[in-house]
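Novice: One structure, as structure tokens, below. Some questions next.
The values are calculated or read from the model by the stated rules, or taken from the named source; none is laboratory data. Bear in mind that the values here come from a model prediction, so they are computed numbers and not experimental data. Note that we place each Cβ from the backbone using ideal geometry, even for glycine, and neighbour counts take in every protein chain shown. All accessible areas refer to the heavy atoms of the entire protein, side chains included, with ligands and DNA or RNA removed. Shrake-Rupley method; radii C 1.70, N 1.55, O 1.52, S 1.80 Å.
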Amino acid sequence: GGGTSSNKVWLRELRGSFALLDEQEKSVILGCDIIRSIPLFYCVKEQRIWVGDDAAKIAEKSKSVLQDENVNEFLRASYVTENETIFRGIYQVLPGEYVVISREDGSIFRKSYYECRYTCDGTGVEKEFLEELDACLDEVFCDMIQRLDGRTALIPLSGGCDSRTAAVVLKRLGYKDIVCFSYGRAGNEESECSKEVAEALGCPWHFIEYNGKVWRDFFHSPDYKKYLDFSCRGTSIGSIQPLPAVLELKRRELAVENAVVIPGHALDFLAGSHIHIENREYNRTEMAAMILQDHYNLRTSPTVQKAVRKWVKNIPETLSPRGMVQEYMLWEWKNRQAKFIANDVRAYEFAGLDWELPFWDKRLCDFFSKLPRIFLEGRYLQYQYMQNYIDPTVGIQMDYMDCSMSKKERRKSKLKKIAFLRYLNRVKICLRNYKHTGNAFYDYMSAGDYLKCICKYGWDFNLNTIEAEDYIKLFIK
């Protein structure tokens, strides 16, 4: 029945990636997995119920118009928060949520069946937590291996921890058909590390070079606009960063048709990489400012300076350090991770490849959400796991930053808050980005065009800034 607890119970038992549409006599029930990996949208208008996986297509049929506030948010963050879209009256099913729409009166009932909520109340010692994490990863990847059923595991292997963990766990569980690839500027540090890891594991490795010509050709190709329409779907951009590489792999026949892409999303987030708080009490305004600073930085020009804060009312007025971890991680899971990060898989779909997101298994979410805060800050437990379980398997010992912030780093952090020094730091970053960024995105621009973009969008403009604006242009006549 619509809105009953039975929906919540059986949905919570499901694992993996799914979107649910159940048409009943008196209602329509919609549901998404815990990371919204397959988006689902709905609109109730003029006694009709519209449902689909693309808000833009629903808008076209239901004659819905752009909603300025949400377009502004999309341009600044690359996604629309909460359950809204860039179109008025069209909504999205949130991660871990089910929606019941009445066929009789069009009323809408929404309920969360799962929340990635960090309780930080686990007890135990480091060794026990490491053993539990290792067992959990083995269990999750064994289940994925059954689904792979012998198909090629295609891993976008970077120099980071997450994709390396995926490759190592698959290898040690005996999976045979693993192919790794990397992309970016020739000789970039991440790709060199990726090659070293792949060779140590005995996995084939392919490198796709990015440069100004690659980006220029891509932006002028039919694939670019097709991908914007295919991936953004009225709510979030789908990152185009891996797309030229994946399309080139297919063109060279280096990626077989039945390959399954296994990206590293988003073990680092679950392990605490985005937890950066001080040991003090916070208030609602401070948390809102932190979210805006972290996630609303694609454009900072005065024309789009107004912040969208529809989610502020959901934040408690005062927060302890533990409460800050809980609320910040909940916000980011429900918004950035589920809208933007998970939407990266659209690049693989566009290239005709299947994908898996093993690190978004509920078992891993539940494991990390219970860890005491000291094991999350600075990704402490994840780095210990890498040093004790992953690196010995590879035979390469990586360097990991000290999880505790030194006095020198704290002093540096405070100095960055001084306006003039912050300005100098911005200039330094811009100079470094131009002709030196790993994905070579800025290489297709002249120095003059680069400076014009800084003036137009702000210091932090990047590939996502351009993609978000180009998508909105599709709807402006």
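Novice: What do you reckon, is I374 touching a residue at least 60 places away in the same chain (Cβ under 8 Å) and assigned to a helix (DSSP H, G or I)?
Specialist: no
Novice: Sticking with this one: May I ask you to say which residue of K339, K362, K334 is modelled with pLDDT of 95 or more and surrounded by fewer than 21 Cβ atoms within 10 Å (Cβ to Cβ)?
Specialist: Values: K339 fails: surrounded by fewer than 21 Cβ atoms within 10 Å (Cβ to Cβ); K334 fails: surrounded by fewer than 21 Cβ atoms within 10 Å (Cβ to Cβ).
Going through K339, K362, K334 in turn, just one is modelled with pLDDT of 95 or more and surrounded by fewer than 21 Cβ atoms within 10 Å (Cβ to Cβ): K362.
Novice: Among the residues that make up the stretch 219-228, is at least one of them crowded, with 23+ Cβ neighbours inside 10 Å, assigned to a helix (DSSP H, G or I) and of a type in the set (D, E, K, R)?
Specialist: No, that holds for no residue.
Novice: Hey, any hits in the stretch 50-62 for a residue that's open to solvent by 20 Å² or more (accessible area, probe 1.4 Å), at pLDDT 95 or above and among the β-branched types (V, I, T)?
Specialist: Yes, some residue in the stretch 50-62 is open to solvent by 20 Å² or more (accessible area, probe 1.4 Å), at pLDDT 95 or above and among the β-branched types (V, I, T).
Novice: Okay, moving on. Is it true that R76 is at negative phi, modelled with pLDDT under 95 and buried (at least 23 other Cβ atoms within 10 Å of the Cβ)?
Specialist: Yes, satisfied.
Novice: A follow-up question, please. Out of L254, L249, I need the residue that is part of a helix (DSSP H, G or I), in contact with a His (Cβ under 7 Å, 6 or more places away or on another chain) and either farther than 25 Å from D460 by Cβ or free of Cβ contacts under 8 Å to residues at least 12 places away in the same chain (or both). Which one?
Specialist: Being part of a helix (DSSP H, G or I), in contact with a His (Cβ under 7 Å, 6 or more places away or on another chain) and either farther than 25 Å from D460 by Cβ or free of Cβ contacts under 8 Å to residues at least 12 places away in the same chain (or both) holds for just one of L254, L249, which is L249.
Novice: Further question on the same structure: Would you mind finding the one in E190, E132, E128, E199 that is more than 23 Å from D354 (Cα to Cα), in a helix (DSSP H, G or I) and at pLDDT below 95?
Specialist: E190
Novice: Under 6 Å between Cβ atoms, which residue pairs at least 6 apart in sequence (or on different chains) link something in the stretch 446-464 that is open to solvent by 30 Å² or more (accessible area, probe 1.4 Å) with a partner that is at pLDDT below 90 and in a helix (DSSP H, G or I)?
Specialist: Partner pairs satisfying both residue conditions: W459/R426.
Novice: Looking at the stretch 140-164, which of its residues are within 17 Å of W355 (Cβ to Cβ) and open to solvent by less than 10 Å² (accessible area, probe 1.4 Å)?
Specialist: Within the stretch 140-164, V140, F141, M144, L148, A153, L154, I155, L157, S163 meet the criteria.
Novice: N462: in contact with a strand residue (DSSP E or B) (Cβ under 7 Å, 6 or more places away or on another chain) and either over 30 Å from I277 (Cα atoms) or at pLDDT 85 or above (or both), yes or no? Step through it out loud before you land on a result.
Specialist: Values: in contact with a strand residue (DSSP E or B) (Cβ under 7 Å, 6 or more places away or on another chain): no; either over 30 Å from I277 (Cα atoms) or at pLDDT 85 or above (or both): yes.
For N462, the condition - in contact with a strand residue (DSSP E or B) (Cβ under 7 Å, 6 or more places away or on another chain) and either over 30 Å from I277 (Cα atoms) or at pLDDT 85 or above (or both) - is not met.
Novice: Moving to a separate point now. Starting from residues that are open to solvent by 20 Å² or more (accessible area, probe 1.4 Å) and more than 17 Å from E469 (Cα to Cα), keep the ones in the stretch 291-306 and report whichever is modelled with the lowest pLDDT.
Specialist: Residue satisfying both the conditions and the ranking: Q293.
Novice: If you don't mind, another one. Kindly indicate whether E128 is closer than 24 Å to F269 by Cβ and without any contact (Cβ under 8 Å) to a residue 24 or more places away in the chain.
Specialist: Judged against the criteria, E128 is a match.
Novice: Going through N7, N70 one at a time, which residue ends up being closer than 30 Å to D470 by Cα and in a helix (DSSP H, G or I)?
Specialist: N70 is the lone residue from the list that is closer than 30 Å to D470 by Cα and in a helix (DSSP H, G or I).
Novice: Same structure, new question: Name every residue in the stretch 321-368 that is in contact with a helix residue (DSSP H, G or I) (Cβ under 8 Å, 6 or more places away or on another chain) and among the small types (G, A, S), in order of residue number.
Specialist: A342, A347, A351, G352
Novice: For E46, indicate whether it is at positive phi and open to solvent by 20 Å² or more (accessible area, probe 1.4 Å).
Specialist: So E46 fits the description; yes.
Novice: Is it fair to say E82 is part of a loop (DSSP other than H, G, I, E, B) and within 22 Å of N343 (Cβ to Cβ)?
Specialist: For E82, the condition - part of a loop (DSSP other than H, G, I, E, B) and within 22 Å of N343 (Cβ to Cβ) - is met.
Novice: Next up: How many residues are under 24 Å from L243 (Cβ atoms), in contact with a strand residue (DSSP E or B) (Cβ under 7 Å, 6 or more places away or on another chain) and open to solvent by less than 50 Å² (accessible area, probe 1.4 Å) when one looks only at the stretch 171-193?
Specialist: Final tally of qualifying residues: 6.
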